[in-house]
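What follows is one structure encoded as structure tokens, with my remarks underneath.
What follows is calculated from the coordinates using simple rules that are stated; it is not laboratory data. Bear in mind that the values here come from a model prediction, so they are computed numbers and not experimental data.
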Amino acid sequence: MRTPRPLAAVALSTLALCALTACGPDEAPKDAAAAAPASPSASPSPTAPALADLPASEIAEKSRAAGGKLSSVTMTISLPHHPGGPLSGTFTEDSSGNCTGTYTFEGKGSTEIVRVGGKAWTKPSAAYLAATAPGIPAEAVGKWFVDENKPTGMASFCDLGVQLEKRVGLNTDGTPNSSLRKGDAKQVDGAPAVVLTMTDEDGNPVRYDIAAGGEPRLLATETGSGDMVVRLGDFDEPVQATAPAADQVFTP
């Protein structure tokens with residue numbers, strides 16, 4: 001099964017708070033102020049519409065703007081139909097490209113990944129090495145391997161969460177998707193969310209769950225019938241990524 005287009009291509013309202021201050025000592029007494037007719041300038045400012053009341057295109061635009069300001073995010077991803085077998089993983093990444101994470105292939109073990117300063121390394125578990133590279137030397141077990149860091153490689157997951165936050169409602173060429181629609185409200189991990197849906201260029205249904213309160217960040221997205229399911233959180237938390245020591249890196 002083909003990888004959903006949003007993964008292959010990457011690998012997607014601020015509430016104005018108005019505070020009313022109390023009268024200062026030079027103002028009229030309360031009783032006199034209450035008796036005086038209200039002037040037009042004293043009328044309260046119109047309240048900005050709630051995110052859920054906006055058109056789908058505006059919701060997506062606001063979400064992308066919030067994503068553009070994001071410094072880091074933690075992404076949990078599930079790809080049950082991945083060509084190499086069911087894949088899941090958790091990746092903490094920042095907008096500078098630093099990343100730590102772990103991905104697991106069902107029945108084949110797991111692999112840690114770290115990327116710092118544009119360089120990436122992976123550390124497969126013994127089970128993963130046994131399943132995918134049975135002839136690997138014994139001294140390689142428990143060591144880090146230099147990752148090719150290609151756009152189509154596992155290091156691409158270190159960019160996916162940040163990119164998804166910036167690409168809500170867009171086609172792969174960056175243009176707004178004309179099929180974008182607003183769905184029903186829902187809860188994502190206890191937080192109210194506005195749902196947007198669209199169909200991508202390959203005909204896959206795409207769903208976006210966007211935070212309805214505070215910054216309208218993307219909280220979750222799904223492509224196809226569960227072909228790719230992503231949860232996002234821990235926004236703007238520091239990424240603790242450290243390059244492995246030289247003696248911990250396996251050199252064939």
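Kirkwood analysis of the Cα pair distances in the range 192-252 returns a hydrodynamic radius of 14.6 Å. Of the listed pairs Lys123/Lys166; Lys62/Lys182; Lys108/Lys143; Lys108/Lys166; Lys62/Lys119, which have alpha-carbon separations greater than 21 Å here? Distance filter (> 21 Å) returns Lys123/Lys166; Lys108/Lys166; Lys62/Lys119. What is the range 62-118 by shape, rounded, prolate or oblate, if you read a ≥ b ≥ c off the alpha carbon gyration tensor as root eigenvalues and call it rounded for a/c under 1.5, prolate for a/b larger than b/c, and oblate otherwise? It is oblate, given that a/c is not under 1.5 and a/b is not larger than b/c.
Distances between placed amide hydrogens fall under 5 Å for Val188 paired with Ala193, all partners being 5 or more residues away or on another chain.
Taking the three principal axes of the alpha carbon atoms in the range 129-252, the coordinate ranges are 54, 33, 25 Å, sorted in descending order.
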